[in-house]
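Enquirer: There's a structure below that I have some questions on.
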Ligand code: DAH
């Protein structure tokens with residue numbers, strides 16, 4: 001019986017075998033499809049995760065190799081199709097892992113990967129402040145005459161700002177109306193701590209430590225208790241010059257002033273000196289230059305006079321020399337002081353002092369060419 005049933009079974013067995021192969025083929029394609037999708041969406045946020053993925057899919061015991069193990073069961077006529085699919089899967093997996101790896105590499109070595117030949121972003125360059133442009137010009141002129149720069153504190157004591165500069169104890173400049181006090185002492189004004197009202201204090205700072213010859217300029221910020229308007233500010237800038245040596249005369253001063261005016265405002269510039277008064281100089285003068293806006297003909301800027309005032313000057317008062325430890329019988333000197341804002345206004349016709357401290361880049365940009 002069994003013999004007879006055998007032939008019947010044969011087709012069954014064969015059919016079953018063929019069926020199995022077909023199923024195997026189909027499920028393999030489905031598995032490949034699934035793996036392809038899976039691999040497409042792979043993510044890794046660090047190198048360890050990436051290595052785990054590599055092991056899962058591409059190692060000897062990985063999902064793809066496991067799939068290959070089934071390959072021998074695929075019917076010969078379909079081997080080509082399935083083989084191509086498996087290869088595609090393997091390539092995809094390798095590409096994906098390489099791409100994820102690349103993402104890490106560029107992250108980690110971002111500096112090394114930087115293209116140094118690339119054009120830089122257009123960085124907005126700043127420009128020098130007009131007051132600094134003019135200050136540097138003044139420094140340059142005096143530098144060529146042999147003056148060097150000296151410096152002093154903005155928070156000063158009464159001695160250096162007033163007393164050593166020969167201001168009487170009841171001089172109005174010492175008043176609250178003009179001076180900012182850091183520490184006011186009602187009983188003894190000499191103990192006051194203030195914001196310096198002029199750079200003349202640096203004269204004293206230098207003389208107390210140095211014997212002549214002295215030839216210095218001191219650019220710096222000064223403070224006065226003024227209501228802020230287009231023509232006055234609570235802080236502004238000055239440049240002070242001091243020359244002390246044997247036989248320094250008013251002629252030396254005048255020559256330096258003329259040279260300075262011509263260098264600053266042009267060869268055609270004329271100067272005139274008007275007698276004036278300052279506690280620290282004797283005689284004292286104020287210097288005007290021929291109005292550089294109308295050329296001396298008269299205009300609203302010079303109020304029709306053809307002259308504009310630019311600085312104060314004079315021979316150092318012998319008292320000041322003595323107060324600061326310099327023998328006034330042996331030495332004499334001249335001093336001068338000017339406001340940088342005033343010079344800048346004249347040179348660049350800025351009509352409102354407030355513009356200098358507002359930091360409006362539209363204003364500052366106008367001085368690009370002068371930088
Ligand atoms: N210190 C004076 C002021 O602030 C300016 C000045 C005048 C300075 C005459 C000087 C000078 O050195 O000799 O107004």
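The values are calculated or read from the model by the stated rules, or taken from the named source; none is laboratory data. Only a predicted model underlies this, so the values are computations on that prediction, with no experimental measurement involved. Glycine also receives a Cβ, built like all others from the backbone with ideal geometry; neighbour counts cover every protein chain displayed.
Enquirer: Could you check, for the range 317-332, whether at least one of its residues is under 19 Å from residue 236 (Cα atoms), assigned by TED's automatic domain parsing to the domain that holds residue 210 and not in a loop (DSSP other than H, G, I, E, B)?
Expert: Within the range 317-332, not a single residue is under 19 Å from residue 236 (Cα atoms), assigned by TED's automatic domain parsing to the domain that holds residue 210 and not in a loop (DSSP other than H, G, I, E, B).
Enquirer: For the range 169-182, what are the residues that are within 14 Å of residue 154 (Cα to Cα) and not in a loop (DSSP other than H, G, I, E, B)? Steps first, answer last, please.
Expert: Of the residues in the range 169-182, the ones within 14 Å of residue 154 (Cα to Cα) are 179-182.
181, 182, listed by residue number.
Enquirer: Still on this model: Looking at the range 184-212 only, could you name the residues that are within 12 Å of the ligand (Cβ to nearest atom) and either in contact (Cβ under 8 Å) with a residue 60 or more places away in the chain or part of a loop (DSSP other than H, G, I, E, B) (or both)?
Expert: Selection gives 196, 197, 198, 199, 200, 203, 204.
Enquirer: Checking the structure you have, find out if any residue of the range 239-248 is within 21 Å of residue 157 (Cβ to Cβ) and more than 13 Å from the ligand (Cβ to nearest atom). Talk me through it step by step, then tell me what you get.
Expert: Narrowing the range 239-248 to residues within 21 Å of residue 157 (Cβ to Cβ): 240, 242.
Okay, now just the ones that are also more than 13 Å from the ligand (Cβ to nearest atom), so none.
Scanning the range 239-248, I find no residue that is within 21 Å of residue 157 (Cβ to Cβ) and more than 13 Å from the ligand (Cβ to nearest atom), so the answer is no.
Enquirer: Residue by residue through the range 333-368, note down the ones that are more than 17 Å from residue 236 (Cβ to Cβ) and away from the ligand (no atom under 16 Å from the Cβ).
Expert: Initially, the range 333-368 is screened for residues more than 17 Å from residue 236 (Cβ to Cβ), giving 333-335, 349, 360-362, 364-368.
Correct list: 349, 360, 361, 362, 364, 365, 366, 367, 368.
Enquirer: Go through the range 242-265 residue by residue and tally those that are within 18 Å of residue 133 (Cα to Cα) and either buried (at least 20 other Cβ atoms within 10 Å of the Cβ) or within 29 Å of the chain's Cα centre (by Cα) (or both). Explain how you work it out, then say what you get.
Expert: So in the range 242-265, the residues within 18 Å of residue 133 (Cα to Cα) come out as 260-265.
Within this subset, residues satisfying the condition of being either buried (at least 20 other Cβ atoms within 10 Å of the Cβ) or within 29 Å of the chain's Cα centre (by Cα) (or both) are 260-261, 264-265.
Selection size over the range 242-265: 4.
Enquirer: Among the residues of the range 249-290, which ones are away from the ligand (no atom under 13 Å from the Cβ), touching a residue at least 12 places away in the same chain (Cβ under 8 Å) and assigned to a loop (DSSP other than H, G, I, E, B)?
Expert: Hits for the range 249-290 are 249, 266, 268, 269, 270.
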